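A.B. asks: One structure, as structure tokens, below. Some questions next.
No value in this document is a laboratory result; all are computed from the given coordinates. Please read these numbers as outputs of a predicted model, since none were measured by experiment. All Cβ positions, even for glycine, are placed from backbone atoms using ideal geometry, and neighbour counts span all protein chains on display.
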Amino acid sequence: MADRRLAKPKNGLNGELHVPGDKSISHRAVMFGSIAEGKTTIHNFLMGEDCLSTISCFRKLGVDISLMEDEVIINGKGWSGLIEPKEILDVGNSGTTTRLIMGILAGRPFHSVLIGDESIARRPMKRVTDPLKLFGTHIDGRNGGDFTPLTIRGGSLKGIQYELPIASAQVKSAIVLAGLQAEGRTEIIEPQKTRNHTEKMIVEFGGSVEREEKTIKVLGGQSLKGTEVFVPGDISSAAFFMVAAAIVPGSNVILKNVGLNETRIGIIEVLEKMGATIEVLEHSKQGEPIGDIHIVTSELKGIEIAGDLIPSLIDEIPVIALLATQAIGTTTIKNAEELKVKETNRIDAIVAELKKLGASIRATDDGMIIEGKTSLNGGNVHSWGDHRIGMTLAIASLITKTDVYLENAEAINISYPQFFKDLEQLLISK
């Protein structure tokens, strides 16, 4: 799929689209179903490569998991149903799998080894391994446990109080999962509120967790019960079509059944602040709030994006950078250092690739500055093996003067295998 060229839109993007299931929730549903007692059925599961890596790891831990189209059935046997794996647990490209599964393995009385691809081998894990060691678990790996391969020998844990040095839902979730198994109470203090899917899912599976402002409290020794989970459409995937509809002339798009979790809707707030014509209709809550998003081509203006807003849109910043190239004036993105430790250094990656297309954009220590409105050219670009960089560049190709050729487009399969099919659907609808 290297050097993929996309057709230009003739009449904008038009029509309705159901984006695939939320990646963060799909991961967590498999994990909670695996540590719960009884049957769990997951509807609208994301069959992307990252989520399939999570299923593979838990199968190796002895969990009975069946796949049927977009549905997953798990027959869990509780915490004690997990067994020592005979094979290395390969997380593929999935940082979520790596960090969250460590929290589960920390309290299990056996030995396991985690490994991933080249991208995972570069991603820092000490932010998770250090607090897990405070519980009393034994973890080692390259550079003192900062990089995979990682070895974990779990056992009896004691609850801790921990102040997160950075706002990270993955780190928080790993600590919460260890805390569920620990003796006593565990408290986590966040610098800013991060996505709360883990806390919501504990309640869905019959457990309890408390939040007071930026402090999360979880009592150890909890057992969970299998349940039904409906995975809403992924707002991070929807963001690409929201941006496309806002910047491609003549567009009118409705995105159906998208997750509207309050910790994930920063992209909507950014579009509204930029002046986009966007309407959100929330219509149901099945564990997570769900609704439809209607967006049309809009005149946009530059804004500052920083502070508490950043954790709610950290995964959308690459496509927001593209959005900013089509806004009048300056857009400044600050406090986004977390982008440096994603699948790639996303600050460097998106700045380099959008510059190739003629964008006026420069990197800063914690974000980027984009000047608009800029006419973009075509050319050869690269996904850097990062699904969100790849999708951003595919959307950019819709407004360039000449064709864009995207190398390593297959990286998009990590989170959105049918991305190009869905994009073509909106291109031909009218």
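A.B. asks: Could you tell me whether region 36-136 comes out rounded, prolate or oblate from its Cα gyration tensor? Rule is a ≥ b ≥ c as square roots of the eigenvalues, rounded for a/c under 1.5, then prolate if a/b exceeds b/c, otherwise oblate.
C.D. replies: Because a/c hits 1.5 or more and a/b fails to exceed b/c, region 36-136 counts as oblate.
A.B. asks: For region 2-66, just the Cα atoms, rotate onto the principal axes and tell me the three extents in Å, largest first.
C.D. replies: Cα spread of region 2-66 along its principal axes, largest to smallest: 53, 29, 17 Å.
A.B. asks: Taking loop as defined by DSSP and a crowding limit of 16 other beta carbons within 10 Å, which GluC sites (Glu not before Pro) in region 254-330 fit?
C.D. replies: 262, 299
A.B. asks: Lys/Arg Cβ at +1, Asp/Glu Cβ at -1, dipole of the chain taken about the Cα centre: which of 255, 109, 390 is farthest positive-ward?
C.D. replies: Of the options given, the answer is 109.
A.B. asks: Right, another one. Taking R0 as 25 Å, what's the FRET efficiency between residue 285 and residue 11 from their Cβ-Cβ distance, rounded to 0.05?
C.D. replies: Working from the Cβ atoms, E equals 0.10.
A.B. asks: For a quick check: with amide H placed at 1.01 Å from N, whose amide H comes under 5 Å from residue 195's, ignoring anything fewer than 5 positions away on the same chain?
C.D. replies: So residue 195 has HN proximity to 169.
A.B. asks: Ordered by residue, what ³J(HN,Hα) values in Hz, to whole numbers, does region 295-307 give under the Karplus form 6.51 cos²θ - 1.76 cosθ + 1.60, where θ = phi - 60° and Gly and Pro are x?
C.D. replies: 9, 10, 3, 9, 7, 10, 10, x, 9, 9, 10, 6, x
A.B. asks: Can you list the GluC sites (Glu not before Pro) in region 206-237 that are in a DSSP coil and have 15 or fewer other beta carbons within 10 angstrom?
C.D. replies: Listed in order of number, the matching sites are 213.
A.B. asks: Still on this structure, I have one more. Pick from 66, 237, 56: which is most flexible by mean-square fluctuation in a GNM of the chain where alpha carbon atoms under 10 Å apart are linked?
C.D. replies: Highest fluctuation among the options: 66.
A.B. asks: State the dimensionless ratio Rg/Rh of region 314-362 (Rg: radius of gyration of Cα atoms; Rh: Kirkwood radius).
C.D. replies: My calculation puts Rg/Rh at 0.94.
A.B. asks: I need the GluC sites (Glu not before Pro) found in region 61-150, filtered to DSSP loop residues with at most 16 other beta carbons within 10 Å of theirs.
C.D. replies: Here the GluC sites (Glu not before Pro) that fit, given the DSSP loop and packing criteria, are 69, 87.
A.B. asks: For the chain, what is the percent of antiparallel DSSP beta bridges, rounded to the nearest 5?
C.D. replies: Antiparallel: roughly 70 percent of the beta bridges in the chain.
A.B. asks: To one decimal place, what Kirkwood hydrodynamic radius in Å is obtained for the chain from all pairs of distinct Cα atoms?
C.D. replies: 21.8
A.B. asks: Mean-square fluctuation check for the chain, GNM, Cα pairs under 10 Å: which of 296, 203, 404 is largest?
C.D. replies: Among 296, 203, 404, the largest GNM mean-square fluctuation belongs to 203.
A.B. asks: Here's a follow-up. Please state, to two decimals, what the Cα-based radius of gyration of region 102-254 comes to when divided by 2.2 N^0.38 Å (N = residues).
C.D. replies: So region 102-254 has a normalised radius of gyration of 1.22.
A.B. asks: Largest first and in whole Å, what are the equivalent-ellipsoid semi-axes of region 243-346 based on the Cα gyration tensor, each being the root of 5 times an eigenvalue?
C.D. replies: Taking √(5λ) for each eigenvalue gives 22, 19, 11 Å, largest first.
A.B. asks: Would you calculate, for the chain, the mean residue ellipticity at 222 nm contributed by helices, counting each DSSP H stretch of 4 or more residues as -39,500 (n - 2.57) and dividing by all residues, to the nearest 500?
C.D. replies: -9000 deg cm²/dmol, from helical runs alone.
A.B. asks: So between residue 73 and residue 277, what do we pick up on full extension, going 0.36 nm a residue minus the alpha carbon distance?
C.D. replies: 69.4 nm
A.B. asks: Cα centroid distance between region 222-265 and region 7-53, in Å?
C.D. replies: 10
A.B. asks: Apply the a/c threshold of 1.5 to the C-alpha gyration tensor of region 257-304 and tell me whether it is rounded, prolate or oblate.
C.D. replies: Oblate.
A.B. asks: If amide H atoms are built 1.01 Å from N in the plane of the peptide, which residues on other chains or at least 5 residues away come under 5 Å of the amide H of residue 18?
C.D. replies: 256
A.B. asks: Please compute the modelled spin-label separation between residue 146 and residue 183, points set 7 Å along Cα→Cβ, answer in nm with one decimal.
C.D. replies: 3.3
A.B. asks: If you don't mind, another one. Rg and Dmax of region 23-218, Cα atoms, in Å?
C.D. replies: 15.3, 42
A.B. asks: To continue, here is another question. How large is the charge dipole for the chain, taken about the Cα centre, if only the Cβ atoms of Lys, Arg (+1) and Asp, Glu (-1) carry charge, to the nearest 20 debye?
C.D. replies: Around 420 debye, computed over the chain.
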